[in-house]
Structure formats: structure tokens, C-alpha cells
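Colleague: My questions all concern the structure below.
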Amino acid sequence: MSKLNFSSDKLVRYLFHVLALMPLIILLWDLQFDNLTANPIQNIMLRTGKPALVLLVAVLSITPLRKIFGLNVLIKYRRSIGLYAFLYASIHFMVFVGLDYGFDIDLLRYSVFKKPYVILGLLAYLTLVPLAITSSSKWIRILGKYWKWLHKIIYLTVILAVGHYIWAVKSDIRQPLLFALVVLLMLLLRVPLVTRVLHVLEHRWRSK
Ligand code: HEM
């Protein structure tokens, strides 16, 4: 029985990694077969920015999902989800700086002021770097109680990333606004007063 549980746990873990890497695998496949539209750089930007954001929102939703639905198993995946978000954000960043701007710092500086949404993206990425670096158990030990405090930066990262997305999108902003709404909900579900009210409501509903 325990052998069965162990293997199903392993299978879920494999599936999780395959799922998280799927956008990258499909991207590499399309790159290999020259399937990246007429503007490949923009296509890569779009196809790496979205997974990065989805994964960041997923990190933020783990605590509310655990508290509300008791899905404690999700905690095992939090670090990996965060690191995958960092991977996609790093590709997104490197493609912009390297492929789009050829590492030309002057051109980049000029462009950043012409496209202020890039500043928000850059800030989001910069806040993500220390979180990725300190995500290992070794850093949890080194930082002790400050680790939790440092990792609260994720709230800022997600807010900046959603702001960047809303600003980057040129026409239909329904999807970015939906992301903003989900993030707002995830943040609200962390406010102690809101969770207390939810618990009271749940109690009343159960005792009916
Ligand atoms: C945590 C970091 C970041 C996240 C989550 C993120 C996410 C996104 C998302 C979701 C989009 C819109 C994709 C779409 O329209 O479907 C986007 C677009 C864009 N991002 Fe980021 N981004 C991040 C950091 C950065 C950084 C560091 C840069 C550059 C220095 C950058 C530059 C851009 C550009 C130029 C676009 C517009 C692409 C286009 O429409 O041509 N982003 N990003």
C-alpha cells in the first residue's frame, strides 16, 4: 500500500514538472521548426511572460488554498513553482536584453524611458532574484526568522508583474484585469480579518 502511495506521489511530481516545463518545451519545438510567427522575439516574450506570471500567481494562491480547502500537499511544490516562475522570467528578460537589444545598454536605457512598463517588469524581476537565490534549505537555515520576512517580497513581485502586464498589453486588457482580480483576491484572503469572517461563515454553514 505504501509502495503504491509512494509511486503515485512520484507520478504526480513528474506530471507537475512536465506541466511546468510544457510552455518551454512547446516554445523550443516551435523555435526548432521556425514556427514563431513573423516577429519571433515578440512571440518568445509573450510566451515566456505569461507562464512566469501564471506561476507567480500560483505561488501566491498556495496559502489560501491550504487554509480554505486544506490542500496541504501543495506546500511541497511551492519552491519549485517559484523557481519555474524565475526560469520563465529570466528567459523573458534575457530575450529582451540580449536578442531584442543586443545587450546595448545605451539603447536599453533610452528604450526603458520610452516604454515605462518595462521598468515595472524590471522591478518585478529584480525583486524575484533574491527570492530565487534564497529559496534553498541552506538559505532558510542561514536567514532563520528573516527568511519568511524576506519572502514576503513575493507580494510586491506579483503586484509589479501584474502592473507590467496591464501596461504592456496594447488593446484588450480584459485578461490582465482578470489576473489583477485574482491577485487582489489572493491578497485579501491573507488578511486576518477576512479569514476570520470566512471561518465564522463556514462554521455557521456547517452547523445548519
Ligand atoms: C517577473 C517578471 C516579469 C513578468 C511576470 C512578466 C510578464 C509579462 C507578461 C505577462 C507580458 C505580456 C504577455 C502578453 O501580452 O501575453 C509581458 C510583456 C512584456 N514584457 Fe514582461 N514580465 C516580467 C519582466 C520583464 C522584464 C524584466 C522585461 C524587460 C527588461 C520585460 C519586458 C517585456 C516586454 C518588452 C513585453 C512586451 C512584449 C510585446 O508585446 O512586444 N518583462 N511581460
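Colleague: Of Gln175, Ile119, Thr195, which is farthest along the charge dipole of the range 56-200 in the positive direction, counting Lys and Arg as +1 and Asp and Glu as -1 at C-beta?
Modeller: Result: Thr195, furthest along the dipole toward the positive end.
Colleague: At what distance in nm do the modelled label points of Glu202 and Ile68 sit from each other, each positioned 7 Å from its Cα along Cα→Cβ?
Modeller: 1.0 nm
Colleague: Taking the Cα centre as origin and putting +1 on Lys and Arg beta-carbons and -1 on Asp and Glu beta-carbons, what dipole magnitude results for the range 2-206, to the nearest 20 debye?
Modeller: So the magnitude is around 1220 debye.
Colleague: Now for a different question. With the Cα gyration tensor of the chain in hand, convert its eigenvalues to equivalent ellipsoid semi-axes via √(5λ) and list them largest first in whole Å. Don't jump to the answer; show the numbers that get you there.
Modeller: Details: eigenvalues 215, 99, 68 Å².
After diagonalising the Cα gyration tensor, the semi-axes are 33, 22, 18 Å.
Colleague: Is the shape of the range 1-93 best called rounded, prolate or oblate, per the rule: a/c under 1.5 gives rounded, else a/b larger than b/c gives prolate, else oblate, with a ≥ b ≥ c the square roots of the Cα gyration tensor eigenvalues?
Modeller: oblate
Colleague: Once you order the gyration tensor axes a ≥ b ≥ c over the Cα atoms, which shape class does the range 42-115 get: rounded for a/c under 1.5, otherwise prolate or oblate by comparing a/b with b/c?
Modeller: Taking the square roots of the gyration eigenvalues as a ≥ b ≥ c, the range 42-115 is prolate.
Colleague: Under 1.5 on a/c is rounded, so check that first for the range 93-196, then, if it is not, pick prolate when a/b is larger than b/c and oblate when it is not; a ≥ b ≥ c are the square roots of the alpha carbon gyration tensor eigenvalues.
Modeller: Cα axes put the range 93-196 in the oblate bin.
Colleague: How far is it, in nm, from the label point at Leu150 to the one at Ser171 when both lie 7 Å from their Cα along the line to the Cβ?
Modeller: It works out to 4.5 nm between the two label points.
Colleague: Listed here are the pairs Lys76/Lys138; Lys50/Lys114; Lys114/Lys170; Lys10/Lys76; Lys50/Lys152; which of them are more than 20 Å apart at the Cα?
Modeller: The answer is Lys50/Lys114; Lys50/Lys152.
No lab work stands behind these numbers, since they all come straight from the coordinates. This is a predicted model, so every value here is computed, not measured. When we count neighbours, we look across all protein chains shown, and the Cβ atoms used for this are built from the backbone with ideal geometry, even at glycine.
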